[in-house]
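The values are calculated or read from the model by the stated rules, or taken from the named source; none is laboratory data. This is a predicted model, so every value here is computed, not measured. Don't worry about glycine lacking a Cβ; one is built from the backbone with ideal geometry, like all the others, and counts go over all protein chains shown.
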Amino acid sequence: MKKKLVSAVLCTAMVASALAGCGSSSSSDASSSDSAAEESADAEESDDAEAETEASTEEAAAEEDVVSNTWGDANGTHLELWTFVEAHGTFYGNMVETWNEENPDNTIELTATTYPYSDMHNKLLMSLNAGTGAPDICDVEVGQFPNVVAGQDTWLVPLNDYMTDYVDTMVTSRLETYAGADGNYYGAPFHVGATLCYYNVAAMSEAMGISTDDVIAKIDSVVTWDDYTALGQEYVDAIATEGKYWTSVDTGGTDYLWLAMAEYGDDWTGGFTDPANVQLDSVKNMLNMENEWLSSGLAEVSPDGHIDLEAGFQNILDHNIVSFCKAAWYMSRFINYMPEEEGNWYLAPCPVFEEGQNRSVGIGGTGTVVTQQSANIDLAATFTCWAKMSEEGEQYIWDNLGFDVCNTALWNQDSFAHDDNNQYNTFFMNYPYDVLDQIKDEIGKISVVAISPTINEQICTYTLNEIFEDGMSVDDALQEAQDAIDLEQ
């Protein structure tokens, strides 16, 4: 029981990194959120005396971790907002100031309170169930969204009508991530979380003895996973050094499996209506290919099981791997943890199994909801959608949080996508939005529904380790996973 629960928490932390994907300049805030969740789980597993002691300690710590700030016009309409990332609160505060400048006859005073991750989501769910105590506006991490959207328009305000000025240029698959079973959109997104392929051109050039332009030409010629594997073999043959690999595979994250499903148009969750099925050809194809990479020496298992952990960052810094696929929000990991890599890395669309497939999938995210308990629903919903979808809001999100924004109208605007005052635009060898613009109609979606945590726990805790570490066959490991998941359906 202990192993299962702790593993589940670890997988939840990975989901908060991959599903939530709040890879901003405040990524440390997301890490502290995961720690809070882990502490909570540990307390549940201790005996009664320990649990009581830890609970009181955590309660005191939680109180210390709560940060509340008020912005805007003291004479304006007061709105209450909850979040679990302090940088998000600062974003909303700045947007309130801009809103008030543009709307002097309809000003807002906003109090944004940042709670520890688990505390905030539990507090929100309890207040929604109770019908009292909820804020006007609240951030909801994507892995928690199925719990909150279960109440649909009884709990939350459908945002469809408030999105009309922006919806035509928003990435549809991202809006659908925060939809209810009734088809209404209940969450306003921070980012797309579009998966890209990252390549260390500088390291490849040195090892292969060719110019960076020649390396980039080779990368740009990669279309399929066969092309990617062939380029990886060329690199590994050239460097011929023990401990140096083309890429790595995660045992604690499902990003590559999501990418494979998006390429084939699959969804192992079954959405709102069908049963979950992890025994998909898309999933098998990816796992078998990753196994072949490991067997041939093209790949290693990611240190600590995941590329989005400290050991993963160090592995990149040591140039032990020179390519990988990850959501666009991973750019902030370079800014925050690997600044010395500036100018070395190139971004490209992900390879596909068959030419013509989708080349990306949206991973992670935070959907901002407006609750039916708000006394000012129209203003709260209008402000929320404006803050997170308008050009003003998207500009702030890109400049300060480093998220790939959902409003594609900005993606090919030179003043936005090529602004060299933005550190994300200058860190890499090419402009991120030049790549994103290539794939804007090819970004798939995997549903996050009630069964999603069960699937992720099973795959992260057991399946990937059984395949990549223990040598179990892909078919047997997926059958075991399906049997376990079926017990929860």
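Some values worked out for this structure:
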| quantity | calculated |
| --- | --- |
| Unmet requirement for Val249, which otherwise passes all of (1) touching a helix residue (DSSP H, G or I) at 6+ places or on another chain (Cβ under 9 Å); (2) over 22 Å from Asp475 (Cβ atoms) | (2) |
| Residue that is surrounded by the most Cβ atoms within 10 Å (Cβ to Cβ) [pool: residues in the stretch 341-359 that are out of contact with any helix residue (DSSP H, G or I) (no Cβ under 7 Å at 6 or more places or on another chain) and more than 18 Å from Asp420 (Cα to Cα)] | Arg359 |
| Failed criterion for Ser295 (all others in (1) in contact (Cβ under 8 Å) with a residue 24 or more places away in the chain; (2) out of contact with any strand residue (DSSP E or B) (no Cβ under 9 Å at 6 or more places or on another chain); (3) surrounded by fewer than 20 Cβ atoms within 10 Å (Cβ to Cβ) hold) | (1) |
| Residues located in the stretch 343-376, provided they are more than 20 Å from the chain's Cα centre (by Cα), of a type in the set (S, T, N, Q) and not in a loop (DSSP other than H, G, I, E, B) | Thr371 |
| Neighbours by Cβ (under 6 Å, 6+ apart or cross-chain): first from the stretch 385-407, among the basic types (Lys, Arg); second outside any helix (DSSP H, G or I) | Lys388/Ala188 |
| Pairs, first basic (Lys, Arg) in the stretch 202-220, second surrounded by fewer than 18 Cβ atoms within 10 Å (Cβ to Cβ) and assigned to a helix (DSSP H, G or I), C-beta under 9 Å, six or more apart | Lys218/Met208; Lys218/Glu234 |
| Test for Gly243: is it touching a Leu at 6+ places or on another chain (Cβ under 7 Å) and either closer than 20 Å to Ile321 by Cα or not in a loop (DSSP other than H, G, I, E, B) (or both) | no |
| Qualifying residue in the stretch 265-281 (condition: part of a helix (DSSP H, G or I) and within 21 Å of the chain's Cα centre (by Cα)) | no |
| Elements of type strands (runs of 3 or more DSSP E) contained in the stretch 72-190, each with 1 or more residues being more than 30 Å from Tyr433 (Cα to Cα), hydroxyl-bearing (Ser, Thr, Tyr) and assigned by TED's automatic domain parsing to the domain that holds Leu401 | 77-83, 108-114 |
| Qualifying residue in the stretch 192-201 (condition: touching a residue at least 60 places away in the same chain (Cβ under 8 Å), at positive phi and under 18 Å from the mean Cα position of the chain (by Cα)) | yes |
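To keep it simple, each residue is scored yes or no on (1) in contact with an Asp or Glu (Cβ under 7 Å, 6 or more places away or on another chain); (2) of a type in the set (A, V, I, L, M); (3) surrounded by 15 or more Cβ atoms within 10 Å (Cβ to Cβ).
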{"position": "Asn422", "(1), (2), (3)": "yes, no, yes"}
{"position": "Thr426", "(1), (2), (3)": "yes, no, no"}
{"position": "Glu442", "(1), (2), (3)": "no, no, yes"}
{"position": "Pro453", "(1), (2), (3)": "no, no, yes"}
{"position": "Ile459", "(1), (2), (3)": "no, yes, yes"}
{"position": "Ile467", "(1), (2), (3)": "no, yes, yes"}
{"position": "Met472", "(1), (2), (3)": "yes, yes, yes"}
{"position": "Asp475", "(1), (2), (3)": "no, no, no"}
